[in-house]
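Notes follow the structure.
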Amino acid sequence: MPKFNLDDGRRDPVAHLRGYYSEMRSVSGKDELLMAYFSESLSGAALEWYTRQDVSKWYTWDDMAQDFVRYFQYNIDIILDRSSISKIEKKPEESFGEFGLRWREQAARVNPPINEEEMVKIFLQAQGPT
C-alpha cells in the first residue's frame with residue numbers, strides 16, 4: 001500500500017489527484033482500485049466530503065475525480081497576488097521558521113509568479129521594522 005500525501009481540502013485538488021494517481025500508477029487503468037483507495041489519501045474537510053457522497057453514482061475514476069475537483073475548485077480559483085501575501089502575518093503559536101515556510105508556500109501560488117529577489121523584498125516588508 002503506497003503512503004499518500006493527505007489532502008485536507010485546503011489545497012489544489014488537481015495537484016492532489018495527480019499525486020495520488022502517481023502513487024497508484026501500478027493500478028492505473030483499474031478504476032475500481034483507484035476509487036476504493038482514494039479515501040485513504042484524504043483527511044479533514046476532504047474526507048468529510050467523501051463520506052457524504054453517494055459512491056454508487058461514480059462509474060469511473062474520472063467521474064469521482066471530476067466531482068472532487070468541482071467541489072474543491074475554490075482552492076484553484078483563489079489566486080493570490082503580491083498585495084495579499086504582504087499581509088500574511090505570523091501566528092502567535094508558530095515559530096519564525098514555520099511562518100517562513102507557510103509564507104513561502106503561499107508566495108509560490110502567486111500568479112504571475114514572483115522571482116526570488118522580489119519575494120525576499122515582499123517578505124521583509126511584510127515583517128515591518130525589526
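The values are calculated or read from the model by the stated rules, or taken from the named source; none is laboratory data. Keep in mind it's a predicted model, so treat the numbers as computed, not measured. Positions of Cβ are generated from backbone atoms using ideal geometry, with glycine treated the same way; all protein chains shown enter the neighbour counts. Keep in mind that these areas ignore ligands, DNA and RNA; they rest on the heavy atoms of the full protein, side chains included. Shrake-Rupley method; radii C 1.70, N 1.55, O 1.52, S 1.80 Å.
General observations
- FRET efficiency for the Ser83 to Leu6 pair, using the beta carbon distance and R₀ = 41 Å, is estimated at 0.85.
- Per residue accessible area in Å² of the stretch 17-130, where ligands, DNA and RNA are left out and the probe is 1.4 Å: 66
- Where labels lie 7 Å past Cα in the beta-carbon direction, separation of Gln106 and Glu32 in nm: 4.6
- Considered as an equivalent ellipsoid built on the Cα gyration tensor, the chain has semi-axes of 35, 14, 14 Å, the largest given first.
- Bridgeable lysines around Lys87 (alpha carbons under 22 Å apart, same-chain partners fewer than 8 residues away excluded): Lys121.
- Cβ charges +1 (Lys, Arg) and -1 (Asp, Glu), total dipole of the stretch 12-130, debye: 240
- Solution diffusion estimate, µm²/s, Stokes-Einstein, the stretch 10-79, Kirkwood Rh from C-alpha pairs, 4 °C, viscosity 1.567 mPa s: 104
- From most to least packed by mean Cβ count within 10 Å, the peptides 5-17, 100-112, 49-61 give 5-17, 100-112, 49-61.
- Spatially proximal aspartates and glutamates relative to Lys57 (Cα-Cα < 14 Å; intrachain offsets below 8 disregarded): Asp31, Glu32, Asp67
- 13 Å Cα-Cα reach of Lys30 towards aspartates and glutamates, excluding residues that sit fewer than 8 places from it in its own chain: Asp62
- Given charges at Cβ of Lys, Arg, Asp, Glu: the chain dipole, positive-most of Ala36, Leu124, Leu17: Leu124
- Annotation: Ile76 carries an accessible surface of approximately 60 Å², with a 1.4 Å probe and no ligand, DNA or RNA atoms counted.
- Here Glu23 sits with roughly 90 square angstrom of accessible surface, probe radius 1.4 Å.
- Full extension of the chain between Phe99 and Val69 gives 8.0 nm of extra length, using 0.36 nm per residue less the Cα-Cα distance.
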